[in-house]
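Where a number appears in this text, it was derived from the coordinates with a stated rule and is not lab data. All figures in this text were calculated on a predicted structure; none of them were measured in a lab. Neighbour counts run over all protein chains shown; Cβ positions are idealised from the backbone, glycine included.
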Amino acid sequence: MGENGVMKKIPKVLNVIMRPLDNICNLYCKYCNIQHKYRRNAFEKKPSEKFTALWKWFPCLLEQLNGISKIANVTFTWHGGEPLLMPQNEFKRICEAQDFYLRRKNLDWLNVIQTNGLLLSDDKIDFLKDLGIKIGVSIDGPGYSHNKFRFRNRGDFAMVKNNIYLLRDKDIPFSICIVVHEHNYRDAKRVFEFISDINPGNGVAISPMFVSAERYIQPAKYEKFLRDLFDEWYKKPGVSVGVFENFIMGLYGKAPVLCYFAGRCNSFININSKGEIFGTCEPGKRFRIGKLTVDPLEGVLRRNTNMFLSISSKAKSKIMCESLGYDPKYKYFIGNCCPNRLVSNEDPYME
């Protein structure tokens, strides 16, 4: 512990969730928790007013990252809202700025765009590939019925699905993000067949729908989806599904990849259009830990670790720990909670 009780701990691997457009989007997904947190109409905002503000604090972020010797690897995940509403030349400027500032020999960095897929095209995919930017697409299954919370009509869904197959056919590794909810939790087999067909080389992320403490998918339904999907995945190795690989790696005593249950939320920070910094992988007023151009980033990262430990230490996790018996080989699964989805101080999905 340092002065004023601040832990001297900074993650070597840092995930920076970049939200330069806040919640501005070309979709209005019914389960979007970012819309819920910001509580304002995305369609009333102009993207140009946001991405111009990026340059008031982005160079400051890069300069400070370059100066923190403990950080070895940074992933910039451009999120939203919809990040592809930013002009292409902005992404070129971003990459040029990173090349200029992040010169430290042992610092590696990577850019990822998490998109709803509507604005992808043949030319845009090639442009992003040339810049070395990775692509992640959010989709909840192969049918429109699986995506009723996401898309306004079948035409939008068909366009995104076609763009995913375009990524596949161009042999560009990508990832997909699936949210489990009422419209797809019974259909894990079809979902896995879709995953296997498109073969996202950078893997699959799976999350339960959690909009608020009053609106989330029940744990039993999330469990059913994971169990059914695991049965399909286990029969056909070679498809990367992070939550299952994390489980297998942990059982063999290896360090698993980052996930909700790894107890590494201090490795994530969120930055909005104003340069305000939030702890964990999602924004929220109670997670605000500083502001670029005002607060030194190194101190903010230490504060983030303390904040996560404070929140997780108050969470109820007896069932989880008692079930595993505190066996050392399960150390990566005995977390306390995801601080973004607590109901009465308990993560409903931990058990």
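Packing here is the average count of other Cβ atoms within 10 Å per residue, and on that basis the peptides 16-29, 207-220, highest first, run 16-29, 207-220.
Please give the FRET efficiency for Arg154 paired with Asp122, using the beta carbon to beta carbon distance and R0 = 22 Å, rounded to the nearest 0.05. Could you put the intermediate results ahead of the total?
Numbers: r = 22 Å, r/R0 = 1.00.
My answer for the efficiency is 0.50.
If the chain between Lys92 and Glu245 were fully stretched, how many nm would it gain, using 0.36 nm times the residue separation less the Cα-Cα distance?
51.7 nm
For region 144-159, putting each phi into the Karplus relation 6.51 cos²θ - 1.76 cosθ + 1.60 with θ = phi - 60° gives couplings of 4, 4, 6, 10, 5, 6, 9, 10, 6, 7, 5, x, 4, 4, 4, 5 Hz, in residue order, rounded to whole numbers and with x for Gly and Pro. For region 64-105, a/c is not less than 1.5, where a ≥ b ≥ c are the root eigenvalues of the C-alpha gyration tensor, and a/b does not top b/c. That puts it in the oblate class. Here the calculated FRET efficiency for Lys235 and Lys70, from their Cβ-Cβ distance with R0 = 35 Å, stands at 0.25, rounded to the nearest 0.05.
Return the subset of Lys30/Lys291; Lys148/Lys274; Lys56/Lys134; Lys148/Lys224; Lys12/Lys134 for which the Cα-Cα distance in this structure is over 27 Å, preserving the input order. Can you show the working numbers first?
On the way: Lys30/Lys291 30 Å; Lys148/Lys274 32 Å; Lys56/Lys134 25 Å; Lys148/Lys224 20 Å; Lys12/Lys134 21 Å.
Listed pairs above 27 Å: Lys30/Lys291; Lys148/Lys274.
Calculated FRET efficiency, Tyr252 to Ala53, Cβ-Cβ distance, R0 = 45 Å: about 0.45 to the nearest 0.05.
Over all other residues within a Cβ to Cβ distance under 11 Å of Ile198, the charged ones net out to -1, with Lys and Arg as +1 and Asp and Glu as -1.
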